[in-house]
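Colleague: Take this structure first; my questions come after.
A short reminder: the numbers here are calculations on the coordinates, not readings from a lab. Keep in mind that what you see is a predicted model, and the values were worked out from it rather than measured. Cβ coordinates were reconstructed from backbone atoms using ideal geometry, including for glycine residues, and neighbour counts include every protein chain displayed.
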Amino acid sequence: MAVTNTGIIILGASGDLAKRKLIPALARLYEKKEIDASCVILGSGRTPLSSDEFRHRFKGPQEFLSMLHYHTGMDGIKNAVDSLGDIRKYIVFFSLPPSVYGATAKKLSEEGFSDQTSIIVEKPFGYDYETARNLNRELQKYFDELQIFRIDHYLAKEAVQNILVFRFANSIFEPVWNSRYIESIQINAIEDIGAEDRAAYFDSSGIVRDMVQNHLSQLLCLLTMEPPVSLDAEDIRKHKMDVLKALSVSRWAKKQYRGYLDEKGVPADSTTETYAEIELFIENFRWKDMPVHIRTGKNLGRKGTEIGIQFKPIPKLLYNKTGSVPPNRIIFSIQPDESIIMELSSKIPGSDNRLTSTNMSFCYHSAFQVEIPEAYQRLLLDALKGDRTLFVSAQETEISWQKYAPVLVSEKPGLYDPGSLPSSALGVNWIDFENYGGACT
């Protein structure tokens, strides 16, 4: 059923996020009849614009563009949206710096937005545990926790959502999904570009705050959480928090690519890491003593987000008397080519029991001849419908910040050459994820 009679307000609508992601996502939702013409989309920003000038920035069906309006600043914004239609509920997207979230929530409350209003906020949710807790308390002065939607766009990727389906809708995997059979989990999230035009912002956070504490921890929770009783949002969140509570950071190494200090906006004495490698353990019955290795960074010569599940080797019997048979692996490719790959051992045809590794591949694009929704498209629709499954709670953010506190301490990073992956400083035998990259091309 289409979303109706809703005021969709984008604060910071004159900025880049609205142009590249938010308005195009809303246009696709309109084309797919997920929202109808009784909704009003009101952009707000400091840049003075007429509604016509605002509409001319975007492409889409004329009927959709006629739903777009613009209001300069926030004074009178509720009256402005109410004057444009029969509006019964509101959703406000903060396309703004996190430093103004609290003041913005206060202003919305003063303007009359209350029970029928939801707000969507982007990461980062704080800089550490204390700032995250303070931010959550500030927002909760004006809006109930159930009205606050904290975006982690990784959770809206189809390949990420399919992790729970893979685990809990296929009986062959759940019995072996534990440390008795799995040797290690590796999460790899690397970029081929450096900080570039985001260098000044990035230098205030670093790769651990930018990627590990939020996106990659959420991936780990979905991979390792216990089976929920239902698919209700709060039930799933509870089980994710159980994983976060059990996390223990063991070792880490942080590095910086050579030339980072020359990026525009980066101080000459910056100790901000552009690469991090972290070893974790999950101290619960299912995962006791099994290491989790996370690797993420910039300017590493290749772009990709992958998860590697490495199983324990088979005993040195039968086909593996010499110990040469490699362990089985499952590779989840999150981006750029969404796929799931299982690495198995098979007999070489015509040989005398000689084995080789073979892959079984599931590729999203070839399996489903449909458009895969862009992350913001899914997140906006869920928020409009009040579905909180793909959003992060205040408690999740605070627990995660607490767990990674040791890694956040400023320290002089090592160096690595841009354009290539550095060798593991922790002695981890990393899966060569690039070997699996052509499975779906």
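Colleague: How big is the gap, in Å, between the Cα center of region 395-425 and the Cα center of region 315-344?
Modeller: The distance from the Cα centre of region 395-425 to that of region 315-344 comes to 28 Å.
Colleague: Okay, next question. Cα to Cα, under 17 Å, and not fewer than 8 places away if on the same chain: which aspartates and glutamates meet these conditions relative to K403?
Modeller: D128, E130, D210, D242, E277, E279, E283
Colleague: Pick out, in residue order, every one of the GluC sites (Glu not before Pro) in region 220-321 that is DSSP loop and has at most 15 other C-beta atoms within 10 Å; say none if there are none.
Modeller: On the way: sites: E234, E263, E273, E277, E279, E283, E306; in loops: E263, E273, E283.
Answer by residue number: E283.
Colleague: Can you put L261, L384 in order of Cβ neighbours within 10 angstrom, beginning with the fewest? Could the numbers behind the result be given before it?
Modeller: Working: L261 15, L384 22.
Listing L261, L384 from fewest to most nearby Cβ atoms yields L261, L384.
Colleague: How about region 125-203: which trypsin sites (Lys or Arg not before Pro) there are in a DSSP loop, with at most 16 other Cβ atoms within 10 Å of their Cβ? Can you show the working numbers first?
Modeller: Numbers: sites: R133, R137, K141, R150, K157, R167, R180, R198; in loops: K141, K157, R180.
Sites meeting the loop and neighbour criteria: K141, R180.
Colleague: Now for a separate question. Among the lysines, which have Cα under 20 Å from the Cα of K59 when same-chain residues fewer than 8 positions away are ignored?
Modeller: K19, K21, K32, K33
Colleague: Something else about it: If you average the C-alpha positions of region 134-207 and of region 57-119 separately, how far apart do those two centres end up, in angstrom?
Modeller: Cα centroid to Cα centroid, the span is 28 Å.
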